[in-house]
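Here the structure comes first, spelled out in C-alpha coordinates, and everything after it is commentary.
The values are calculated or read from the model by the stated rules, or taken from the named source; none is laboratory data. Here the structure is a predicted model, which is why all the values come from computation and not from measurement. Using ideal geometry, Cβ is built from the backbone for each residue, glycine included, and neighbour counts are taken over all protein chains shown. All accessible areas refer to the heavy atoms of the entire protein, side chains included, with ligands and DNA or RNA removed. Shrake-Rupley method; radii C 1.70, N 1.55, O 1.52, S 1.80 Å.
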Amino acid sequence: MDAAKVQAALSALGQPKFRWDQVRQAVFERAVSSYDEIAVLPAQTRRALSEKLPLMSARERRVDASGDGRARKALLDLADGRVVETVLLRPSETRWTACISSQVGCAVACTFCATGLMGLARSLTPEEITDQVLFWRQYMAKKALPGRLDNVVYMGMGEPFACYEQVSASLKMLLDQKQFGIGARHISVSTSGVAPKIAQFGRDFPQVNLAISLHAATDELRSRLVPMNKAYNLAALARSLKEYIGSTKRKIFFEYVLLKGENDRPQDADALARWLDGVGPKELLHVNLIVFNQTDTPHKPTDERDARAFQQRVLAGGYKSTVRQNLGRDIDGACGQLVVLEKAQ
Ligand code: SAH
Ligand code: SF4
(Lines give C-alpha, C1' and ligand atoms only; values in the text may rest on other atoms or scores of the structure.)
(Ligands and ions follow the chains in the order given, each with its own letter.)
Protein backbone atom coordinates (compact mmCIF):
# COMPACT_ATOMS: atom_id res chain seq x y z
CA MET A 1 0.00 0.00 0.00
CA ASP A 2 1.25 3.41 -0.96
CA ALA A 3 -0.02 5.93 1.63
CA ALA A 4 0.19 8.91 -0.71
CA LYS A 5 -1.86 7.13 -3.38
CA VAL A 6 -4.59 6.13 -0.92
CA GLN A 7 -4.72 9.64 0.51
CA ALA A 8 -5.03 11.07 -3.01
CA ALA A 9 -7.77 8.57 -3.88
CA LEU A 10 -9.70 9.42 -0.71
CA SER A 11 -9.45 13.10 -1.40
CA ALA A 12 -10.57 12.57 -5.03
CA LEU A 13 -13.60 10.80 -3.59
CA GLY A 14 -14.34 13.91 -1.52
CA GLN A 15 -13.65 12.14 1.77
CA PRO A 16 -12.55 14.03 4.89
CA LYS A 17 -8.97 13.67 6.16
CA PHE A 18 -9.85 11.37 9.07
CA ARG A 19 -10.75 8.61 6.60
CA TRP A 20 -7.04 8.09 5.97
CA ASP A 21 -6.53 7.49 9.69
CA GLN A 22 -9.26 4.85 9.60
CA VAL A 23 -7.67 3.10 6.62
CA ARG A 24 -4.20 3.39 8.12
CA GLN A 25 -5.26 1.86 11.44
CA ALA A 26 -7.11 -1.00 9.78
CA VAL A 27 -4.24 -1.82 7.41
CA PHE A 28 -1.26 -1.43 9.73
CA GLU A 29 -2.73 -2.27 13.12
CA ARG A 30 -5.39 -4.86 12.27
CA ALA A 31 -3.70 -6.12 9.10
CA VAL A 32 -6.90 -6.30 7.07
CA SER A 33 -6.46 -7.68 3.55
CA SER A 34 -9.14 -5.66 1.78
CA TYR A 35 -10.98 -2.34 2.00
CA ASP A 36 -14.18 -4.36 2.50
CA GLU A 37 -13.01 -5.28 5.97
CA ILE A 38 -12.84 -1.63 7.04
CA ALA A 39 -16.38 -1.38 8.39
CA VAL A 40 -16.03 2.22 9.57
CA LEU A 41 -15.72 3.40 5.95
CA PRO A 42 -18.95 4.15 4.07
CA ALA A 43 -19.83 1.20 1.81
CA GLN A 44 -19.58 3.42 -1.25
CA THR A 45 -16.07 4.53 -0.34
CA ARG A 46 -15.01 0.93 0.22
CA ARG A 47 -16.30 -0.03 -3.19
CA ALA A 48 -14.78 2.97 -4.94
CA LEU A 49 -11.38 2.39 -3.33
CA SER A 50 -11.39 -1.31 -4.27
CA GLU A 51 -12.08 -0.39 -7.88
CA LYS A 52 -9.61 2.48 -8.08
CA LEU A 53 -6.62 1.18 -6.23
CA PRO A 54 -5.68 -2.32 -5.14
CA LEU A 55 -4.74 -2.42 -1.46
CA MET A 56 -1.66 -4.50 -2.27
CA SER A 57 0.91 -4.24 -5.09
CA ALA A 58 1.51 -7.99 -4.85
CA ARG A 59 -0.73 -11.04 -4.72
CA GLU A 60 -0.12 -14.41 -3.14
CA ARG A 61 0.68 -17.14 -5.62
CA ARG A 62 1.62 -19.70 -3.04
CA VAL A 63 3.04 -20.19 0.42
CA ASP A 64 5.15 -23.15 1.55
CA ALA A 65 5.84 -23.91 5.21
CA SER A 66 8.93 -25.68 6.51
CA GLY A 67 8.46 -28.95 8.37
CA ASP A 68 9.35 -27.40 11.71
CA GLY A 69 6.93 -24.48 11.20
CA ARG A 70 9.68 -21.96 11.75
CA ALA A 71 9.86 -20.70 8.17
CA ARG A 72 7.39 -19.94 5.42
CA LYS A 73 8.17 -18.82 1.93
CA ALA A 74 5.75 -16.95 -0.31
CA LEU A 75 5.80 -16.38 -4.05
CA LEU A 76 4.12 -13.08 -4.80
CA ASP A 77 2.85 -12.00 -8.23
CA LEU A 78 3.61 -8.40 -9.08
CA ALA A 79 1.49 -6.22 -11.37
CA ASP A 80 3.84 -6.64 -14.36
CA GLY A 81 3.84 -10.43 -14.18
CA ARG A 82 7.17 -10.72 -12.34
CA VAL A 83 7.36 -12.89 -9.26
CA VAL A 84 9.18 -12.12 -6.07
CA GLU A 85 9.93 -14.25 -3.03
CA THR A 86 9.68 -13.35 0.61
CA VAL A 87 10.21 -15.38 3.76
CA LEU A 88 8.65 -15.31 7.22
CA LEU A 89 10.85 -16.65 9.98
CA ARG A 90 10.20 -17.49 13.59
CA PRO A 91 13.63 -17.46 15.22
CA SER A 92 12.01 -17.86 18.67
CA GLU A 93 8.54 -18.61 20.06
CA THR A 94 7.27 -15.06 20.10
CA ARG A 95 9.39 -13.26 17.55
CA TRP A 96 8.68 -13.13 13.86
CA THR A 97 10.99 -11.79 11.19
CA ALA A 98 10.24 -10.97 7.58
CA CYS A 99 13.09 -11.54 5.16
CA ILE A 100 12.31 -9.27 2.24
CA SER A 101 13.57 -8.78 -1.31
CA SER A 102 14.61 -5.48 -2.85
CA GLN A 103 14.90 -6.65 -6.46
CA VAL A 104 13.62 -9.40 -8.75
CA GLY A 105 16.91 -11.25 -9.24
CA CYS A 106 20.30 -9.66 -8.68
CA ALA A 107 23.06 -8.37 -10.95
CA VAL A 108 25.93 -8.98 -8.53
CA ALA A 109 26.17 -12.67 -9.43
CA CYS A 110 27.91 -14.11 -6.37
CA THR A 111 28.97 -17.58 -7.48
CA PHE A 112 27.25 -19.47 -4.65
CA CYS A 113 23.90 -17.63 -4.65
CA ALA A 114 20.76 -18.90 -6.39
CA THR A 115 19.42 -15.36 -6.88
CA GLY A 116 22.70 -14.33 -8.48
CA LEU A 117 22.37 -17.11 -11.06
CA MET A 118 19.20 -15.62 -12.51
CA GLY A 119 20.52 -12.11 -13.21
CA LEU A 120 18.57 -8.94 -12.58
CA ALA A 121 15.04 -8.47 -13.89
CA ARG A 122 14.28 -5.19 -12.12
CA SER A 123 14.30 -3.37 -8.81
CA LEU A 124 11.17 -3.28 -6.69
CA THR A 125 9.26 -0.10 -5.88
CA PRO A 126 9.19 1.05 -2.24
CA GLU A 127 5.58 -0.15 -2.10
CA GLU A 128 6.50 -3.60 -3.44
CA ILE A 129 9.27 -3.84 -0.84
CA THR A 130 7.09 -2.92 2.14
CA ASP A 131 4.07 -4.88 0.89
CA GLN A 132 6.06 -8.03 1.65
CA VAL A 133 5.90 -7.10 5.34
CA LEU A 134 2.24 -6.19 5.00
CA PHE A 135 1.61 -9.50 3.27
CA TRP A 136 3.08 -11.45 6.20
CA ARG A 137 1.17 -9.40 8.76
CA GLN A 138 -2.04 -10.20 6.86
CA TYR A 139 -1.03 -13.85 6.64
CA MET A 140 -0.39 -14.01 10.39
CA ALA A 141 -3.74 -12.34 11.10
CA LYS A 142 -5.62 -14.77 8.82
CA LYS A 143 -3.90 -17.80 10.34
CA ALA A 144 -4.23 -16.35 13.86
CA LEU A 145 -0.52 -16.90 14.44
CA PRO A 146 0.43 -15.60 17.89
CA GLY A 147 3.09 -12.93 18.35
CA ARG A 148 4.03 -9.91 16.34
CA LEU A 149 6.04 -9.39 13.21
CA ASP A 150 8.34 -6.54 14.06
CA ASN A 151 11.72 -7.57 12.72
CA VAL A 152 12.66 -7.06 9.12
CA VAL A 153 15.82 -8.11 7.31
CA TYR A 154 16.65 -7.04 3.76
CA MET A 155 18.22 -10.42 3.03
CA GLY A 156 15.97 -11.78 0.32
CA MET A 157 16.54 -11.40 -3.39
CA GLY A 158 18.53 -8.48 -4.71
CA GLU A 159 21.24 -6.05 -3.68
CA PRO A 160 19.56 -3.34 -1.57
CA PHE A 161 22.25 -0.75 -2.22
CA ALA A 162 21.94 -1.21 -5.99
CA CYS A 163 18.51 0.42 -5.61
CA TYR A 164 19.29 2.71 -2.70
CA GLU A 165 16.57 5.23 -3.47
CA GLN A 166 13.79 2.64 -3.37
CA VAL A 167 15.23 0.94 -0.30
CA SER A 168 15.63 4.24 1.48
CA ALA A 169 11.98 5.15 0.76
CA SER A 170 10.87 1.70 1.95
CA LEU A 171 12.85 2.09 5.20
CA LYS A 172 11.12 5.40 5.88
CA MET A 173 7.76 3.64 5.48
CA LEU A 174 8.76 0.82 7.85
CA LEU A 175 10.05 3.30 10.43
CA ASP A 176 7.05 5.66 10.16
CA GLN A 177 5.07 5.52 13.41
CA LYS A 178 1.92 6.15 11.41
CA GLN A 179 2.61 3.22 9.10
CA PHE A 180 4.55 0.10 10.13
CA GLY A 181 6.15 1.64 13.21
CA ILE A 182 9.02 -0.85 13.28
CA GLY A 183 11.96 0.13 15.47
CA ALA A 184 15.17 0.96 13.60
CA ARG A 185 17.12 -1.52 15.71
CA HIS A 186 14.75 -4.25 14.53
CA ILE A 187 15.64 -3.69 10.88
CA SER A 188 18.79 -4.96 9.16
CA VAL A 189 20.01 -4.25 5.66
CA SER A 190 22.54 -6.60 4.09
CA THR A 191 24.82 -5.56 1.24
CA SER A 192 27.54 -7.18 -0.82
CA GLY A 193 29.52 -3.96 -0.42
CA VAL A 194 28.43 -0.93 -2.46
CA ALA A 195 30.96 1.27 -0.63
CA PRO A 196 29.59 4.80 -1.30
CA LYS A 197 26.10 3.75 -0.28
CA ILE A 198 27.36 2.25 2.98
CA ALA A 199 28.63 5.62 4.13
CA GLN A 200 25.43 7.30 3.00
CA PHE A 201 23.30 4.68 4.76
CA GLY A 202 25.18 5.46 7.99
CA ARG A 203 24.28 9.13 7.63
CA ASP A 204 20.66 8.51 6.58
CA PHE A 205 19.77 5.63 8.91
CA PRO A 206 22.26 5.57 11.78
CA GLN A 207 20.03 3.32 13.92
CA VAL A 208 19.26 0.64 11.33
CA ASN A 209 21.54 -2.43 11.47
CA LEU A 210 24.06 -3.04 8.72
CA ALA A 211 25.27 -6.46 7.55
CA ILE A 212 28.12 -6.89 5.08
CA SER A 213 28.30 -10.03 2.94
CA LEU A 214 32.05 -10.45 3.07
CA HIS A 215 32.80 -14.14 2.34
CA ALA A 216 36.53 -13.56 1.75
CA ALA A 217 39.20 -11.21 3.05
CA THR A 218 41.66 -11.20 0.13
CA ASP A 219 40.85 -9.32 -3.05
CA GLU A 220 41.78 -12.24 -5.27
CA LEU A 221 39.32 -14.62 -3.62
CA ARG A 222 36.59 -12.06 -2.94
CA SER A 223 36.57 -10.79 -6.52
CA ARG A 224 35.93 -14.36 -7.61
CA LEU A 225 33.16 -15.14 -5.12
CA VAL A 226 31.53 -11.71 -4.83
CA PRO A 227 32.07 -9.83 -8.11
CA MET A 228 31.02 -6.57 -6.40
CA ASN A 229 34.59 -6.61 -5.10
CA LYS A 230 35.88 -5.67 -8.56
CA ALA A 231 34.01 -2.37 -8.30
CA TYR A 232 34.72 -1.77 -4.58
CA ASN A 233 37.67 -3.76 -3.31
CA LEU A 234 38.46 -4.59 0.31
CA ALA A 235 40.38 -1.35 0.85
CA ALA A 236 37.44 0.71 -0.45
CA LEU A 237 35.04 -1.36 1.64
CA ALA A 238 37.16 -0.82 4.77
CA ARG A 239 37.24 2.94 4.15
CA SER A 240 33.47 3.15 3.83
CA LEU A 241 32.99 1.05 6.97
CA LYS A 242 35.32 3.31 8.94
CA GLU A 243 33.24 6.25 7.84
CA TYR A 244 30.09 4.33 8.81
CA ILE A 245 31.47 3.61 12.28
CA GLY A 246 32.59 7.21 12.62
CA SER A 247 29.09 8.52 12.08
CA THR A 248 27.04 5.77 13.79
CA LYS A 249 29.25 4.07 16.43
CA ARG A 250 27.11 1.03 15.65
CA LYS A 251 28.03 -2.63 15.50
CA ILE A 252 28.51 -4.16 12.04
CA PHE A 253 27.65 -7.76 11.19
CA PHE A 254 29.80 -9.60 8.65
CA GLU A 255 28.26 -12.55 6.81
CA TYR A 256 30.74 -15.21 5.79
CA VAL A 257 29.39 -18.30 4.00
CA LEU A 258 31.83 -21.15 4.58
CA LEU A 259 32.64 -22.92 1.31
CA LYS A 260 34.56 -26.17 1.57
CA GLY A 261 38.17 -25.85 0.44
CA GLU A 262 37.67 -22.31 -0.85
CA ASN A 263 37.44 -19.75 1.94
CA ASP A 264 37.46 -21.97 5.03
CA ARG A 265 41.17 -22.63 5.57
CA PRO A 266 43.07 -21.41 8.67
CA GLN A 267 44.86 -18.77 6.61
CA ASP A 268 41.47 -17.46 5.43
CA ALA A 269 40.38 -17.01 9.05
CA ASP A 270 43.64 -15.20 9.81
CA ALA A 271 43.24 -12.96 6.74
CA LEU A 272 39.72 -12.16 7.94
CA ALA A 273 40.91 -11.14 11.42
CA ARG A 274 43.75 -9.05 9.94
CA TRP A 275 41.38 -7.26 7.57
CA LEU A 276 38.95 -6.56 10.40
CA ASP A 277 41.83 -5.06 12.40
CA GLY A 278 41.91 -2.27 9.82
CA VAL A 279 38.15 -1.64 9.94
CA GLY A 280 37.38 -0.61 13.50
CA PRO A 281 37.28 -1.51 17.19
CA LYS A 282 36.88 -5.22 17.86
CA GLU A 283 33.76 -4.81 19.99
CA LEU A 284 31.88 -3.31 17.04
CA LEU A 285 32.61 -6.07 14.55
CA HIS A 286 30.72 -9.37 14.63
CA VAL A 287 31.34 -12.28 12.27
CA ASN A 288 28.38 -14.48 11.34
CA LEU A 289 29.68 -17.70 9.86
CA ILE A 290 26.96 -19.18 7.66
CA VAL A 291 26.54 -22.80 6.74
CA PHE A 292 26.27 -22.93 2.95
CA ASN A 293 22.82 -23.92 1.69
CA GLN A 294 23.25 -26.15 -1.30
CA THR A 295 22.42 -24.32 -4.53
CA ASP A 296 22.80 -25.38 -8.13
CA THR A 297 26.49 -24.41 -8.07
CA PRO A 298 29.74 -26.40 -7.67
CA HIS A 299 30.31 -25.16 -4.09
CA LYS A 300 30.15 -27.47 -1.08
CA PRO A 301 29.47 -26.72 2.59
CA THR A 302 32.33 -26.81 5.06
CA ASP A 303 32.26 -29.74 7.51
CA GLU A 304 31.06 -28.95 11.00
CA ARG A 305 34.53 -29.60 12.46
CA ASP A 306 36.27 -27.24 10.04
CA ALA A 307 33.59 -24.61 10.64
CA ARG A 308 34.26 -24.77 14.40
CA ALA A 309 38.02 -24.57 13.81
CA PHE A 310 37.49 -21.51 11.61
CA GLN A 311 35.32 -19.92 14.28
CA GLN A 312 37.96 -20.60 16.96
CA ARG A 313 40.58 -18.80 14.89
CA VAL A 314 38.34 -15.78 14.38
CA LEU A 315 37.64 -15.75 18.13
CA ALA A 316 41.36 -16.03 18.81
CA GLY A 317 41.82 -12.97 16.61
CA GLY A 318 39.66 -11.12 19.14
CA TYR A 319 36.38 -10.99 17.24
CA LYS A 320 32.93 -12.19 18.22
CA SER A 321 31.81 -14.94 15.95
CA THR A 322 28.76 -17.21 15.67
CA VAL A 323 27.95 -20.08 13.34
CA ARG A 324 24.50 -19.76 11.81
CA GLN A 325 22.38 -22.44 10.29
CA ASN A 326 19.62 -20.86 8.29
CA LEU A 327 15.97 -21.67 8.86
CA GLY A 328 13.78 -22.93 6.06
CA ARG A 329 16.28 -25.08 4.20
CA ASP A 330 13.65 -27.68 3.31
CA ILE A 331 11.56 -25.12 1.44
CA ASP A 332 14.50 -23.44 -0.29
CA GLY A 333 13.64 -20.47 1.85
CA ALA A 334 17.05 -19.99 3.38
CA CYS A 335 19.28 -17.07 2.51
CA GLY A 336 20.75 -17.37 -0.93
CA GLN A 337 18.19 -19.91 -2.02
CA LEU A 338 15.62 -17.40 -3.11
CA VAL A 339 15.07 -17.89 -6.78
CA VAL A 340 11.99 -17.68 -8.91
CA LEU A 341 11.21 -21.10 -10.27
CA GLU A 342 8.42 -20.14 -12.62
CA LYS A 343 7.21 -16.97 -14.26
CA ALA A 344 3.66 -15.67 -14.28
CA GLN A 345 1.60 -16.83 -17.25
N1 SAH B 1 22.36 -9.06 -1.78
C2 SAH B 1 22.49 -8.80 -0.41
C3 SAH B 1 21.27 -9.22 0.35
C4 SAH B 1 20.99 -10.69 0.31
S5 SAH B 1 21.33 -11.30 1.87
C6 SAH B 1 23.72 -9.46 0.13
O7 SAH B 1 24.30 -10.28 -0.55
O8 SAH B 1 24.12 -9.11 1.23
C9 SAH B 1 21.49 -12.96 1.63
C10 SAH B 1 22.67 -13.50 2.42
O11 SAH B 1 22.77 -14.89 2.16
C12 SAH B 1 23.98 -12.88 1.97
O13 SAH B 1 24.88 -12.75 3.03
C14 SAH B 1 24.44 -13.92 0.99
O15 SAH B 1 25.82 -13.81 0.76
C16 SAH B 1 24.05 -15.19 1.66
N17 SAH B 1 23.95 -16.33 0.75
C18 SAH B 1 23.82 -16.30 -0.58
N19 SAH B 1 23.77 -17.56 -1.08
C20 SAH B 1 23.88 -18.39 -0.01
C21 SAH B 1 23.88 -19.80 0.13
N22 SAH B 1 23.75 -20.60 -0.91
N23 SAH B 1 23.99 -20.30 1.37
C24 SAH B 1 24.07 -19.50 2.45
N25 SAH B 1 24.06 -18.16 2.38
C26 SAH B 1 23.97 -17.61 1.16
FE1 SF4 C 1 23.02 -10.70 -5.10
FE2 SF4 C 1 23.37 -10.98 -2.47
FE3 SF4 C 1 22.99 -13.13 -4.04
FE4 SF4 C 1 25.28 -11.79 -4.17
S5 SF4 C 1 24.49 -12.92 -2.40
S6 SF4 C 1 24.07 -12.50 -5.92
S7 SF4 C 1 24.60 -9.70 -3.85
S8 SF4 C 1 21.53 -11.52 -3.64
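Some notes on this structure:
- The chain: antiparallel DSSP beta bridges as a percent of all, rounded to 5: 45 percent
- The largest accessible area among THR94, THR218 belongs to the first residue in THR94, THR218, and the rest follow in falling order (1.4 Å probe, all chains).
- Accessible surface computed residue by residue for region 3-52, with neighbouring protein chains in place and a 1.4 Å probe, gives 56 Å² per residue.
- Placed amide H near VAL287: partners under 5 Å, 5+ positions off or other chain: PHE254, LYS320, SER321, THR322
- Projected label distance in nm at ARG122 and ALA316, using a 7 Å step from Cα toward the beta-carbon: 5.2 nm
- For LYS282, the accessible area of its heavy atoms, probed at 1.4 Å with every protein chain present, is near 80 square angstrom.
- Within the accessible surface of region 3-52, defined with a 1.4 Å probe on protein heavy atoms only, the carbon and sulfur portion equals 49 percent.
- Rg and Dmax of region 70-169, Cα atoms only, in Å: 13.6, 39
- Cα gyration tensor shape of region 217-295, rounded if a/c is under 1.5, else prolate or oblate by comparing a/b with b/c: prolate
- Surface accessible to a 1.4 Å probe, per residue, for the residues of region 184-321, Å²: 42 Å²
- Per-peptide packing, taken as the mean over residues of other Cβ atoms within 10 Å, places 176-182, 233-239, 85-91, 148-154 in the sequence 85-91, 148-154, 233-239, 176-182 from highest down.
- By average C-beta atoms within 10 angstrom, highest first, the peptides 12-20, 293-301: 293-301, 12-20
- Note on region 245-332: with neighbouring protein chains present and a 1.4 Å probe, carbon and sulfur make up 53 percent of its accessible heavy-atom surface.
- Largest first, the three principal axis extents of the alpha carbons in the chain are 69, 41, 36 Å in whole numbers.
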